[in-house]
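A quick write-up on the structure given underneath.
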Amino acid sequence: MFRLNLKIALRNLWKNKGYTAINIGGLAIALSAFIMVVMYVGFETTFDHHIPNHNRIYLVGRSLPDGKTNYTPASLAPSMKDAFPEIENVGRSKKTDFEFAFSTDKGRVYGKNVLSVDYEMAKMFHLWPDKGLKKPAADGYDLYVPQEFADVLFPRKNLTYPRLVSIGPKNAGQSANIQGIISYRTDHSNLKFDAMVILNDVGATQDPKALNYHTYIEVKAGTDVAQLEHKIDGLFKKEMIKNGMSADDRMISGRSVIFLDPLDNLHLKPIAGNNTNYKIVLALGVLGLLVLVIACINFTNLTIAQTNRRAKEVGVKKVLGAYRMNLIFQFLIEILMQCLLALVIGLALTELFLPYFNGLFETSLSLWKGNGSLVWQLPVILIVITLISGVYPALVLSGFRPADVLKGNLQTSYKTLWLRNALLVTQFSVAIVFIAGLLIVSTQLKYMKTEDTGFKPAQVVYIQNTAWFNRNNFEQLKAKVNEIPGVNSFTATSNIPDGSKAAKSNYSFEGKEQGLDMITVDFDYFETLNLKIKEGRFFSKSFNTDTVNSVVLNESAVSAYGIVNPIGKTIRGCKMDYRIVGVIKDFKAQGFETAVEPTVYTIKNPCIASTEKYMLMVNVDQDKMAAVLATLKTNWKDLNKHDGDDFRYEFLDELYGRLFKKQEQLQSVFYGATVLTIFIAVLGLFAFSAFTTNNRRKEIAVRKILGATDLQVLRLLNSFFIWVVLIANLIGWPIAYIVATRWLDTFAYRIDVPLLPFLFAGVISMVLTVLTVSIQARKAVKANPVDALKYE
Amino acid sequence: MIKIENLEKVYKTEEIETTALNGINLHVKEGEFVSIMGPSGCGKSTLLNVMGLLDKPESGSYKFIDTELLKLNDKERSNFRKRNMGFVFQNFNLIDELTVFENIELPLIYNKVPATERKRLVNEIIERMNIVNRSGHFPQQLSGGQQQRVAVARALVTKPKLVLADEPTGNLDSSHGNEVMELLCELNETGTTIVMVTHSSHDASFSNRIINLKDGHVISEKINKNRTEELI
């Protein structure tokens, strides 16, 4: 029986090659997109899952009056471990805020992110060097680097460790032993590092009160985390008061400060941080699912449309003794075979498109490695799409009454008509949401790229530097750089406007406290970035006090305090008084998603070590850019005596442009989803209109014989589909509006929802429909009516 | 063999009720060849569908060798049909995607006949129907007469007790039509009971008894003496 059913299925598919290709092709393309989405979502939602107890690990964070942070004091970890038995393990890590150069005679590598962790943390996160994790000496540390580092530093293979390397600028004369290689998939972990230092006590040489550690805890199974959070909060506040903080301090009073953020949440939606990753994963997941559902709808619709062709077969089989369940099973198996073929083609397409996908999302997804879950996911996908696309057609087909169908009465087609129409409307509604969505995303992106950011990064070059300057040696460097023809200004700062977060501290004005972003700068910072002054002046060498106690505020800071006529007034913070000498207009250093933070600019700030003012920026005439960069490269060794080993630079506009990356990804996702949806919908429409036109051949012939013109017939055949698209637009527009509004609400600086994308979606869908249907209808219109009647 | 009593069948749409069978009483003996005639819409096809268990009447009784068939559920009807009945339709109703051999084999598969036995039975009937050289062809590659031969072969391959034929020559020219009627006669001579619906008095002349229907009633019955004598 199975063999015979298989033959019928294959011969049927072959006989209707066009429909088969459209059916399977559409599904294969959608499946390919969906498989990539499944892989991506799988990758993004399993960060750190290689750690056996990942679901019991939490990062300890703090709520500040003006936000949230993951930085905690080093002393918190041992206190927690001592006080709460439900904590199995505690670990701490500390990021290095500046780059380290590692060099040997053979080569030099810059470690942007050298992570120091204590031994407990290494155990908790399975940070195992290739030769095993060993406890460092009591007051010592062990330095490990990834293989890529070692390959540059020691080109010869099969080395034995430890090996000595220079650390920092060559002339600084510092060195350290590399203990070995550490292999760790940092691209799939919340721990990001270029090199790792493992110590016994990461806070041993640091001020225990300094709030600059990440503290992780691993709790015992069954721990009441909310209760533990509450207990840690109490402990933290007690410690802060013991360290000299007033119980009324707004940093700790009147609210719960400590929160425990599960490790499993840190990548996608950390409590202290943004959830853009989560939004991208969610958007991709929903879009991928929608594309697949559209393709399944297409499949169902086309299969139902073709049921009449199979009616006789069903009738005959029932007469000859087939049960309904036999037939349901037969049709499901047939659809399963088609879905399986679509899946195989889909996998081939995935292999083809995966490199582009990886390029777009900066991932390294592969069908062949690291995706064990695909082994069970693919069969599940296959069964689900078979059921979605197959159950209804199988029920319709198997439900034919033999007494009717063998006489040629196909009344059932009317029963399924409303469903086919509803599916068609759904398909087009989704396509319309995607078209409008894509246009709105693109409009917002265009706005972000063309809107005045308040500064001009185009002429600014950021020079990477690892040396620390004092007033004198910086002035020497500055004087030499300024001599280069084409250089307009040169400055140093603790933060460049590339979206990075600045340190925050409380400042007060006439008793009103406010957390301000603190940025330390040097003379010419504002001029280098082309910032605009609103009141007062920029820092100037003509005023000696500027290097002592002058501040420039931004507009947001002034309005946060509500200061009227701020110039000359005093604000207090970091245990000293400052005089406000200028107010600059707000500029979007953090991009468009967050509002401009109230910010204080100082040349000297006790809260920020002068060593942190090491980022260099130079403003260069556009037409002399190449010459200036060449001169700097050639002379950098002489110019920057402290760190002249390599001249490394980046263009500030490119760095700033990276802030748009996630939104550009979203745009690409929308673009892909829109093209796919339209393609699949049009494909379905093409086959569907071919079917309906074919079914109406007799009607068309009669109408033509009675005098209908070609145009009238074309209008007749189009009118139904135009209604379908009109209804789809009416459904799609409000959905697109709601989704677009919610998305735009995530931006501090955004466009109003424009009208044009909706109209455009309407016009595009209408034009595509009329074109597609008319191509089919034309054949029927041009045919000789006698043939159709004879055929009947 | 068949005893039908007070059979009633009503078709209902939203607005109209049409009585297709109105208290039909009919007896068919084993080995008989009965023709049912009447104008379009008189209920002859409905009667055939009820006899073939393809349709359910509102009321009445239908006994097939002492088994009351109207009390059977769908599955039992299906089982009874495939074991005891064969069908021949006006428009042949062969499955276009299967070859002649496979079309004839289909009822044997539903009757769970083993593969080797199936092959033997199909070859036997193909030979009997004189379509050996067509066994690998698809229905569209055959003439109307040949297609109806295949349909008859399919109806006979399970050796049913009853063959129901619905205007078997309706789509054929006269020479092919006669061929099919002769085939049915031969079959009847070997003991198979046949009930045939037809518009053609010529075709009806091949049967033992002609029953005339009008508006769902049996209005007359005529014995075909020549054929009946043969039967006796």
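When the Cα positions of A:SER116, A:TYR578, A:SER540 are compared along the charge dipole of the protein assembly as shown, A:SER116 comes out farthest toward the positive end, with charges on each C-beta of Lys, Arg, Asp and Glu. Rounded to the nearest whole Hz, the Karplus-based 3J(HN,Hα) values (6.51 cos²θ - 1.76 cosθ + 1.60, θ = phi - 60°) of region A:197-202 follow the sequence 10, 9, 10, 6, 9, 5, with x at glycine and proline. Cα centroid separation, region A:676-745 to region A:473-538: 60 Å.
The value of relative contact order for region A:54-265, using C-alpha pairs under 8 Å at least six residues apart, is 36 percent. Membrane-span-like helices in chain A, defined purely by DSSP H runs whose alpha carbon atoms cover 24 Å or more axially and whose average Kyte-Doolittle hydropathy reaches 1.6, are A:276-305, A:374-398.
Here is how the number arises for the protein assembly as shown: DSSP H runs of 4 or more residues each give -39500 (n - 2.57), the sum is divided by the residue count, and the result at 222 nm is -15000 deg cm²/dmol. Magnitude of the charge dipole for region A:467-645, about its Cα centre and with charges confined to Cβ atoms of Lys, Arg (+1) and Asp, Glu (-1), is about 340 debye. Here the contact order of chain B, divided by its residue count and restricted to Cα pairs under 8 Å and six or more residues apart, works out to 29 percent.
Counting only other chain Cβ atoms within 10 Å of each residue's Cβ, the peptide A:574-581 averages 0. Two numbers describe the Cα atoms of region B:81-150: Rg and Dmax, which are 11.7, 31 Å. For region A:602-651, the residue among A:GLN622, A:ASN640, A:PHE651 whose Cα projects farthest onto the positive side of the dipole built from Cβ charges is A:ASN640.
Note on surface exposure: A:VAL548, A:VAL669 rank A:VAL548, A:VAL669 by accessible area, highest first, 1.4 Å probe. Cysteine residues of chain A whose C-beta has no other cysteine C-beta under 4.7 angstrom: A:CYS296, A:CYS339.
Note on chain B: GNM, Cα springs under 10 Å; of B:LEU48, B:LEU183, B:LEU142, the largest mean-square fluctuation is that of B:LEU142. Pair-distance distribution of the protein assembly as shown: all C-alpha pairs, bin width 20 Å, starting at 0; shares per bin in whole percent are 10, 28, 25, 16, 14, 6, 0. Averaged over its residues, chain A has an accessible area of 45 Å² per residue, based on protein heavy atoms and a 1.4 Å probe.
Within region A:535-621, the chymotrypsin sites (Phe, Trp or Tyr not before Pro) that combine a DSSP coil assignment with at most 15 other C-beta atoms in a 10 angstrom radius are A:PHE543. Interface between chains B and A: roughly 2500 Å² of accessible area buried, both sides summed (probe 1.4 Å, protein heavy atoms only). Rounded to the nearest 20 debye, the dipole magnitude of chain B is 620 debye, with +1 charges on Lys and Arg beta carbons, -1 on Asp and Glu beta carbons, and the Cα centre as origin. Specify which residue in the list A:ILE751, A:GLN514, A:PHE329 is farthest towards the positive end of the charge dipole of the protein assembly as shown, using unit charges on the beta carbon of Lys, Arg (+1) and Asp, Glu (-1), about the Cα centre. Of the listed residues, the answer is A:PHE329. For the peptide B:102-108, the mean number of other protein chain Cβ atoms found within 10 angstrom of a residue's Cβ is 3.
Give the carbon-plus-sulfur fraction of the accessible surface of chain A in %, rounded to a whole number; probe 1.4 Å, heavy atoms of protein chains only.
That share works out to 59 percent.
Between the alpha-carbon centres of region A:54-123 and region B:120-140 there is a gap of 83 Å.
For region B:60-149, applying the loop criterion from DSSP together with a ceiling of 15 other beta carbons within 10 Å to the trypsin sites (Lys or Arg not before Pro) yields B:LYS112.
Just tell me how shielded A:6-13 is by partners: mean number of partner chain Cβ atoms within 10 Å of each residue's Cβ, no decimals.
Mean partner shielding for this stretch: 3.
Of the trypsin sites (Lys or Arg not before Pro) found in region B:7-52, those that fall in a DSSP loop while having at most 13 other beta-carbon atoms within 10 Å are B:LYS29. Close amide H contacts of A:ASN465 (hydrogens built in the peptide plane, cut-off under 5 Å, sequence separation of 5 or more or a different chain): A:LEU616. Calculate, for A:LEU10 and B:HIS137, the FRET efficiency according to 1/(1 + (r/R0)^6) with r their C-beta to C-beta distance and R0 22 Å; round to the nearest 0.05. That gives a FRET efficiency of 0.80.
With R₀ set to 60 Å, the beta-carbon distance separating A:ILE727 from B:GLU127 gives a calculated FRET efficiency near 0.50. Entry note, region A:1-101: relative contact order of 9 percent, from Cα contacts under 8 Å with a spacing of 6+ residues. Note on the protein assembly as shown: with charges restricted to the Cβ of Lys and Arg (+1) and Asp and Glu (-1), its dipole about the Cα centre is near 1240 debye.
Between A:LYS633 and A:VAL380, the simple spin-label model (points 7 angstrom out along Cα→Cβ) gives 5.2 nm.
The values are calculated or read from the model by the stated rules, or taken from the named source; none is laboratory data. The shown structure was predicted, so the numbers you read here are calculated from the model rather than taken from an experiment. When we count neighbours, we look across all protein chains shown, and the Cβ atoms used for this are built from the backbone with ideal geometry, even at glycine. Please note that ligands, DNA and RNA were not included when accessible areas were found on the heavy atoms of the full protein model with its side chains. Shrake-Rupley method; radii C 1.70, N 1.55, O 1.52, S 1.80 Å.
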